[in-house]
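Only one structure is covered here, and it is reproduced in the block below.
The values are calculated or read from the model by the stated rules, or taken from the named source; none is laboratory data. Predicted model, so just to flag it, every value in this text is computed and none were measured. Please note: Cβ atoms are built from the backbone with ideal geometry, for glycine as well, and neighbour counts cover all protein chains shown. Accessible surface areas use protein heavy atoms only, side chains included; no ligands, DNA or RNA. Shrake-Rupley method; radii C 1.70, N 1.55, O 1.52, S 1.80 Å.
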Amino acid sequence: MQQASDKDSLCETCTKVDLFSLFTGPRYFPSSPHHPSVDLTTLSALITNTNCPLCRLIHHILYTDPSSSIPVHPWPRRTDFVDPAKVQVSVQPFRADYHEEMRYADEKTRDKVATLLEVRLSPLKGAVLTDVERDLVRHHRRGYGIQLLSLDSVDPARPLQNGYQYTDTETSLKLLRGWMDTCVEKHASDTGASVCRPPSLSTSPSEQHKIRFIDVNKRSIIRKRPEGIEYAALSYVWSQARSEIPSLDVPQGSSDSLPAKVPKVIKDAISVCQKLSIPYLWVDRHCIDQSDVIGKAREIESMAFRYLNAKITLVAGGVNWQNSENDLSEEGLEPEIGLLPNAQDGRNLQRIETIQGRKYITALPSIFHQIICSPWHTRAWTMQEGQLAKRVAFFGNYDVSFLCGSGHWRESLHSGPFGHEAVLGNELDVSCNGHYMLGWAKWTKDKVWKFDDYTDLMMSYTTRVSTFESDRLNAVTGCLNFIGNAKGVGFYWGMPLTDFHYALIWTGEYDRPREAFPSWSWAGWHCLQTMHSVTPARSSDCTLTANSNGHLTTIPPRDKHTELEGLLVSLTERAHVKNQCLQRFAKISIPDYKNSSMMEITSEVAHFTFDIVAGTPRAENASLFSRGPPEVPDSFDSTASPPENIIWETGAEYQTPIARIRFTDTAGNRSQYHYPRWYDHPPALMLCFPQTLRGENLAWLLKDGISLVMILELEILEAEEGLKPFHLVLCLGIDSREEVGKRFGMFCLPKEVWEKACPKVEIVRMG
């Protein structure tokens, strides 16, 4: 902990700022109309104002790594530099949970959450900076903000989640046990709030069998039925190097005793269970018999139950690698991620200053920030483990946090009169929504199917990676089954049978198909992140339903009118406004769906040729932080006469040049990409090819063009002010080079463009 001396005083600029009023006044949040911000001094003045306590706080935020308390380089690269005299330093008040994983659902409770003051950097008004320098300023380290120190300086109107000094891991573990016990006794009791009590689900067949657990006191493997016992589940990232060396850990999951040496994360988890007085631990590595194919499949089917029924899930969310001579440290192997935070003693992580009679403290990274920076966040299986956990103990790089359906707690947060207690009084509605954790709580708030539950899950999941391609569906099946049971919705190849047509029009894939999955499913492609640009605000009532012949067939909606939202049917800046639309669907069937994934689409089909025109050469280093595959050369123009010859490297991926693509129908009508902006309302013309195109597919598209099949037709009937009525046709591209076609991109065309192409009704088979 670092504090100022009594002789220190504010600099001339900071003297003019009523700092406490920034914590008690309006603050920024997406739903708030206020965007308050206060300019302070330049970055160069801040660096030299060593006697000013506010400047020292901000300097600590910008130039100190909380994990080490040593100066860090603030720019993206060591060679980067911008004159700090040309950089403006500002502060902006946010609600403290703006960047947090769990947020209170009730507006009155949210109003009682404290304010966090964030540091903002921008080019100084009037200063001359290059585009690269402006880019660097935008990417300068920002730190994690300033908080009021509880109890000394809390705003009585906003007592929740104020700042507090973190001490050490041992203290956090003692607090963790109290938070967990309070949740069990009060949050999930019959007489208390029910937000932490998961619903009773139909029991999986595997739950009738005895399963394997680690007895944390005897360090042995025992077999018990999971009902009625207290156990913790561990969610962690396997070390890939070690998972490929079974001699260290053989036989994985098939022995009745633990190996003499176990991964550090598991050893830490055993120790934590002992301190929490939890007798058993479930870890996939040792509790699933990897040699038993049938038993392993049964365990995968029951994954939802394994985490939902655990008393608490221990999440190993640390970033830095740990190792010691006692922890599987064989030569040539990468060190391992442990469970406990690296910062065992955190007294020097934060800075405290007294300003205008009140105490302020620098914040530690939020739980949300630690999650997204963790290897845990990158893996496919761990998403399901976090979403289905009843309660979570998150072990980050800095401290230990507790999350449940009633909120989140950590030592570095303190709620004034409520202290560190996990009970905030009966007058507050404490139900919370999480993003990466405890999804079950959101999914069970009501039994009405919401398409957003599916799209939010897919946006999070499809960015993650799995070691084995065959696990792509397995790793999310537990979540989909949970949603299906709660909402009465079936899933097929990871797609909801309710609103199936809307589920088909996802985008965001790379040109990297997975051969073991149907091309029309997101599971059939490697994805940057799946997106849906139009979604039903309520169920469209159009479903695929199994008939007596064993086929899935389209059941059209009773009402063709519906409310839709999203970028394609709303003004861009208000994408969540619901607009009344008329909908028309293609006829889709999946014959013999239990044995085949081939889909038959009876709908309008039109053909378009594909061209790439020359691009405008860009200045060198115009995009400082650009990454990815090579681009199609700016000079390339397939419409030139004679056309330019270029050899596309087979298998190589090129960035899809969306803005340079021209579409021409069979009548010669040419169209080009148009994405709706706030200043020019739709209709859009979106050519959502994969984000990348392989060389052989570029050659195919330029030579043969592509056919599109209509999936949805949407007409705006009643729109918000400023949005004119329009008519859209949403299609899938068809790669018809083989007998059974494959999906190749999603396309949104204005109705008039579609009609000029003279579409004809055909039957398209897509696998």
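Some observations on this one:
- Unit charges at the beta carbon, dipole of region 477-615: most positive-side option, MET599, ILE483, PRO513: ILE483
- Region 530-604-region 739-767 distance, computed between alpha-carbon centres (Å): 16
- Inter-part distance where region 42-59 and region 377-402 are each reduced to a Cα centre, Å: 37
- Other residues with beta-carbon under 10 Å from the beta-carbon of PHE689 carry, at +1 per Lys or Arg and -1 per Asp or Glu, a net charge of -2.
- The trypsin sites (Lys or Arg not before Pro) of region 702-767 meeting both criteria, a DSSP state outside H, G, I, E and B (loop) and at most 12 other C-beta atoms within 10 angstrom of the site's C-beta, are ARG737.
- Here each label is just a point 7 Å from Cα along the line to Cβ, and for THR545 and ALA659 those points are 4.8 nm apart.
- Local electrostatic count at GLY484 - Lys and Arg +1, Asp and Glu -1, tallied over other residues with Cβ under 14 Å: 0
- Those trypsin sites (Lys or Arg not before Pro) in region 412-513 that DSSP places in a loop and that have at most 10 other beta carbons within 10 Å: LYS447
- Per-pair calculated FRET efficiency, R0 = 56 Å: ARG120 and CYS758 via Cβ, rounded to 0.05: 0.55
- Shown is the FRET efficiency for THR24 and HIS674, computed with R0 = 51 Å from the Cβ-Cβ distance and rounded to the nearest 0.05: 0.65.
- In the set (i) 15, 46, 33, 6, 0; (ii) 14, 42, 37, 6, 0; (iii) 14, 37, 31, 14, 4, 0, the label that goes with P(r) over Cα pairs in 20 Å bins from 0, in percent computed for this structure is (ii).
- Cα centroid separation, region 685-732 to region 63-135 (Å): 38
- Unit charges on C-beta of K, R, D, E only; dipole of region 47-166, Debye: 220
- 3J(HN,Hα) along region 743-750: 5, 9, x, 10, 9, 10, 10, x Hz, from the Karplus curve 6.51 cos²θ - 1.76 cosθ + 1.60 with θ = phi - 60°, whole Hz, x for Gly and Pro.
- Sulfur and carbon atoms: percent of accessible area, the chain [1.4 Å]: 49
- Using a probe of 1.4 angstrom and keeping all protein chains present, the accessible surface of the chain works out to 43 square angstrom per residue.
- Test item: Cα-centred dipole of the chain, Lys/Arg +1 and Asp/Glu -1 on Cβ, debye: 1080
- Close amide-amide hydrogen proximity is noted between ILE355 and TYR360, each under 5 Å apart and 5 or more residues distant or on a separate chain (H modeled in the peptide plane; Pro and chain starts excluded).
- Dipole magnitude of region 443-516 about its Cα centre (Cβ charges: Lys, Arg +1; Asp, Glu -1), debye to nearest 20: 220
- Accessible surface of THR543, taken over heavy atoms with a 1.4 Å probe and every protein chain present, rounds to 30 Å².
- Heavy-atom SASA rank of HIS607, HIS501 (probe 1.4 Å, accessible area, largest first): HIS607, HIS501
- Charge dipole (the chain, unit charges on Cβ, about Cα centre) - positive-most of PRO53, PHE81, LEU702: PRO53
- Our coupling estimate for region 101-112, obtained by passing each phi through the Karplus curve with A = 6.51, B = -1.76, C = 1.60 and θ = phi - 60°, is 6, 10, 10, 5, 7, 7, 5, 5, 5, 4, 5, 8 Hz, Gly and Pro reported as x.
- Rounded to the nearest 500, the 222 nm mean residue ellipticity of the chain from helices alone is -5500 deg cm²/dmol, with -39,500 (n - 2.57) taken per DSSP H run of at least 4 residues.
- Using θ = phi - 60° and Karplus 6.51 cos²θ - 1.76 cosθ + 1.60, couplings along region 218-235 (whole Hz; Gly, Pro as x): 9, 6, 10, 9, 10, 10, 8, 6, x, 6, x, 10, 9, 8, 9, 10, 9, 10
- Debye intensity ratio in log₁₀ form over the Cα atoms of region 20-141, taken at each q of 0.09, 0.19, 0.20 Å⁻¹: -0.31, -1.13, -1.19
- Estimated FRET transfer efficiency when R0 is 30 angstrom, pair VAL128-HIS576 (beta carbons, to 0.05): 0.15
- Loop-resident sites, region 672-767, for GluC sites (Glu not before Pro), counting at most 10 other Cβ within 10 Å (DSSP): GLU721, GLU738, GLU739
- Per-residue extension of 0.36 nm, minus the Cα-Cα distance of SER44 and HIS561, leaves a gain of 180.2 nm for this segment.
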